[in-house]
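Please read the structure below before turning to the comments.
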Amino acid sequence: MQYRKIGRTDCQYKGITSEMNMEKVIRFKTMIGYCYLYPDKIIMARNGNPEEVNLKNEEQRLWKHLVFYTITGLLLAWLAYMDRDHLPMCLWLGLTSAWLLFNVLRSIFQKSSSSALIERDKIRSVRFKKGVRYLTRSRFIVVFEDRKGCNRIRYILLPGSLNDGPKATEEALIAMRDSGYYPFSSQEGSLTGIRKYNETEGKESGTG
């Protein structure tokens, strides 16, 4: 795999030195924070600092949302039934309820995950789905194996059209490709590429 040289001032990449392995880490912006691409793992951070991610809270976040959407959907369904004599309002409440409950069931059957940490050796596949302008967001779909050995799906949603989405999507694609996560490749390929990047930047620093 070929890795292009990355400038230190390139806005697509932010060099972050890890205290554990002193490796350069590639990151890109997501809908709610940043995605950090390490040679051996992916970390999603909401506040921009991967060292402060609470993995347990992030894993439970999806279930909290599903419970909230389920309660809201059932409440709207009950309101639609109570307001059945007023067709427009009943129809709106019913459709909204159906949409919420459908998404809850889809997340459960797809085994969606909100995990903030995905280890590279647990990843089974990575796909990219381009969004529809002003309607849906572009996203990466990561299939990985959890601690129980079950395949789970993690969506990495990118910024929307109103938040410079096309540019952010392009930067995310370049970052994922150069780190070997999309198309997904072995860890050895990623380590080689990032080492080349580190060595090149080190030489520039020494001659600057």
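Please treat every number below as a calculation from the coordinates, not as lab data. Since the model is a prediction, treat every value here as computed from it, not as a measurement. Positions of Cβ are backbone-derived with ideal geometry, glycine not excepted, and every protein chain shown enters the neighbour counts.
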Those trypsin sites (Lys or Arg not before Pro) from segment 113-149 that are DSSP loop and have at most 15 other Cβ neighbours within 10 Å turn out to be LYS130, ARG133, ARG147, LYS148
Find the eigenvalues of the gyration tensor of the Cα atoms of segment 57-110, then list the square roots of 5 times those eigenvalues as equivalent ellipsoid semi-axes, largest first, in whole angstrom.
-> 26, 10, 6
Residues with amide H under 5 Å from that of MET31, placed H, sequence gap 5 or more = LEU157, LEU158
Add +1 for every Lys or Arg and -1 for every Asp or Glu among the other residues with Cβ under 15 Å from the Cβ of TYR69, and state the total.
-> +3
